[in-house]
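Below you'll find the structure I mean.
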Amino acid sequence: TNDRIGVAGGAWDVTVVPVRVLGRCGGELADIVSGIRWAAGVAPAVTASGQQVVNPNPADIINLSLTIQAPCPASMQSAIDAAVARNVVVVVAAGNKANQTRNYAPANCNNVLVVAANDARGNIAFYSNFGPGVDVMAPGGDVFADSDGDGRPDGVLSTRTTTKDCYDPETRQ
């Protein structure tokens, strides 16, 4: 890498196992819980025809970049606890509602590492959830601001691909 184009990863010797639990219009709690259990190697997935699919590469770390405005559901807590019992670190988003993390699962669940977003100056981003449940902040930013005065938007590049409502904040393409 180092070509100054797009996004460069920082972990060269890792295997990423994507587990899609939500669709374009959301999803069900049961899908999230099943995804956690499958990713951790706790339980196999079951296809529509009843075939069991075992994860051949159980995760060391599970990232849940999603939120539900609710107390931590018992089924989600149970899945997180089962993953943690297998020495899996469960990292979760604080949320993007500028509200207390205690109002959003999985950030309000036990045994999770909660990550909030910070802006270019290191302050909590205007949209990030906050509160005593936050363990660490990571770069978030604002693609519509240049608060550090470097002439570039302060957002974070993403590998997200979509054609609707998506553009490069510098080129506006």
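Please treat every number below as a calculation from the coordinates, not as lab data. Just so it is clear, the structure is predicted and the values come from calculations on it, not from any experiment. Methodologically, a virtual Cβ is constructed for each residue, glycine included, from the backbone with ideal geometry; neighbour enumeration extends over all protein chains shown.
What is the antiparallel percent of DSSP beta bridges lying wholly in the chain, to the nearest 5?
Details: 5 of 17 bridges.
Bridges in the chain are about 30 percent antiparallel.
Let me ask something else about it. Rounded to a whole number of µm²/s, how large is the Stokes-Einstein D of the stretch 22-82 at 4 °C and 1.567 mPa s, given Rh as the Kirkwood radius over C-alpha pairs? Intermediate results must be reported in sequence, preceding the final value.
Numbers: Rh = 12.5 Å.
Once the numbers are plugged in, D ends up at 104 µm²/s.
Moving to a separate point now. Helix 29-39 versus the longest principal axis of the chain: what is the Cα-based angle in degrees, 0 to 90, to the nearest 10?
Long axis of 29-39 versus the principal axis of the chain: about 80 degrees.
Per DSSP H run of n ≥ 4, the term is -39500 (n - 2.57); total these for the chain, divide by its residue number, and report the mean residue ellipticity at 222 nm rounded to 500 deg cm²/dmol. Each step should come with its number before you reach the end.
Numbers: 2 runs with 23 residues, N = 173.
Value at 222 nm, helices only: -4000 deg cm²/dmol.
Rounded to the nearest 10 degrees, what's the angle between the helix 74-85 long axis and the longest principal axis of the chain, both from Cα atoms, 0 to 90?
90 degrees
Tell me whether the stretch 10-53 comes out rounded, prolate or oblate; compute the Cα gyration tensor, take square roots of the eigenvalues as a ≥ b ≥ c, and use a/c under 1.5 as the rounded threshold. Please list the in-between numbers first.
Numbers: a/c = 2.25, a/b = 1.38, b/c = 1.63.
Cα axes put the stretch 10-53 in the oblate bin.
Report the equivalent ellipsoid semi-axes for the stretch 12-121 in whole Å, largest first, defined as the square roots of five times the eigenvalues of the gyration tensor built from alpha carbon atoms.
Numbers: eigenvalues 114, 54, 38 Å².
Over the Cα atoms of the stretch 12-121, the ellipsoid semi-axes are 24, 16, 14 Å.
Going 7 Å from the Cα of ASP13 along its beta-carbon direction, which residues of the stretch 49-71 have the amide nitrogen within less than 18 Å of the resulting point?
60-61
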